[in-house]
Amino acid sequence: MSGAGAPTLELDGSGLAVTVVAASWHDVVMDGLIAGAVRALEEMRVHDVRLLRVPGSFELPVAAARLARTSVDAIVALGVVIRGGTPHFDYVCSAATQGLTQVTVRTGVPIGFGVLTCDDEAQALDRAGLPGSREDKGAEAAQAAVATVLALRGI
Ligand code: DLZ
């Protein structure tokens, strides 16, 4: 999927509580995604920013489901899944994507989707918001989560 076309968002997240739930596989990429998300939340003046780590991307939906029952306004889900030689990639990607979709739709709590699904580590590093990366998917997911909270308030 091309990263072109992402919106430029000027958002005021003051008064919001947002938790970043982050998998732990591929630590260099994860460090970049988490830093990007936290930086973006701070730039949007989100007053309560928390971080919850889980082992892998497969565990993101259950963590998000539990968080959605707390007082959070939004969740940012971050993970990196890199294709290997077995079908495991497809199962983990599908579990994370479908699980997070179910949580956000069923609970109404916006979830910024920052799970990278890449062919190799180079692709992931290029999206991780690190020095030299072309994209910052952690920041994009954080902005999407806050933008959705604000948009839904307007209904
Ligand atoms: C098992 C596994 C594999 C092979 N690859 C990844 C990966 O690239 N990214 C990731 O976030 N998690 C991976 N996992 C771990 C699963 O998400 C999960 O944590 C384990 O299957 C234990 O439930």
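Residues in the stretch 126-143 that are more than 16 Å from E42 (Cβ to Cβ) and in contact (Cβ under 8 Å) with a residue 40 or more places away in the chain were compared, and the one that is least open to solvent (accessible area, probe 1.4 Å) is A128.
The residues in the stretch 39-59 that are open to solvent by less than 90 Å² (accessible area, probe 1.4 Å) and in a loop (DSSP other than H, G, I, E, B) can be counted, and the count is 5. Anything in the stretch 92-106 that is more than 13 Å from the chain's Cα centre (by Cα) and either modelled with pLDDT under 95 or among the β-branched types (V, I, T) (or both)? List them, or say none. If the condition is that a residue be more than 13 Å from the chain's Cα centre (by Cα) and either modelled with pLDDT under 95 or among the β-branched types (V, I, T) (or both), then V92, V103, V105 are the ones that fit. Right, S14: open to solvent by less than 80 Å² (accessible area, probe 1.4 Å), away from the ligand (no atom under 16 Å from the Cβ) and either at pLDDT 95 or above or touching a Phe, Trp or Tyr at 6+ places or on another chain (Cβ under 6 Å) (or both) or not? Yes; evaluated as a whole, the condition is true for this residue. Residues in the stretch 112-125 that are surrounded by fewer than 20 Cβ atoms within 10 Å (Cβ to Cβ) and of a type in the set (G, A, S): 1 in all. The numbered conditions (1) of a type in the set (G, A, S); (2) within 16 Å of V20 (Cβ to Cβ); (3) at pLDDT below 95 are all true for G85 except (2). As a summary of the residue check, S71 satisfies the conditions (1) in a loop (DSSP other than H, G, I, E, B); (2) over 28 Å from D12 (Cβ atoms); (3) small (G, A, S) except for the one numbered (2).
Check whether at least one residue in the stretch 32-42 is within 15 Å of the ligand (Cβ to nearest atom), among the aliphatic types (A, V, I, L, M) and under 16 Å from G112 (Cβ atoms), and report yes or no. Before the answer, list the steps.
Step one: filter the stretch 32-42 for residues within 15 Å of the ligand (Cβ to nearest atom), giving 32-34.
Checking the rest, the ones that are also among the aliphatic types (A, V, I, L, M) come to 33-34.
Filter once more, so that each one left must be under 16 Å from G112 (Cβ atoms): 33-34.
Yes: one or more hits.
Among the candidates V62, V149, V92, V81, the residue that is outside any helix (DSSP H, G or I), of a type in the set (V, I, T) and either in contact with a strand residue (DSSP E or B) (Cβ under 6 Å, 6 or more places away or on another chain) or farther than 25 Å from P7 by Cβ (or both) is uniquely V81. Of the residues contained in the stretch 85-103, one or more are found to be over 21 Å from R66 (Cβ atoms), in contact (Cβ under 8 Å) with a residue 24 or more places away in the chain and open to solvent by less than 50 Å² (accessible area, probe 1.4 Å).
Evaluation of R127 against the conditions (1) out of contact with any His (no Cβ under 7 Å at 6 or more places or on another chain); (2) within 16 Å of the ligand (Cβ to nearest atom); (3) closer than 17 Å to A64 by Cα shows that the sole unmet condition is (3).
Take the conditions (1) of a type outside the set (K, R); (2) away from the ligand (no atom under 16 Å from the Cβ); (3) over 12 Å from the mean Cα position of the chain (by Cα); (4) open to solvent by 20 Å² or more (accessible area, probe 1.4 Å); V109 misses just one of them, which is (4).
The values are calculated or read from the model by the stated rules, or taken from the named source; none is laboratory data. Computed from a prediction, not measured in an experiment: that's the story for all the values here. Neighbour counts are summed over all protein chains in view; Cβ atoms, including those assigned to glycine, are modelled from backbone coordinates with ideal geometry. Just the protein is used for accessible areas: all its heavy atoms, side chains included, with ligands, DNA and RNA removed. Shrake-Rupley method; radii C 1.70, N 1.55, O 1.52, S 1.80 Å.
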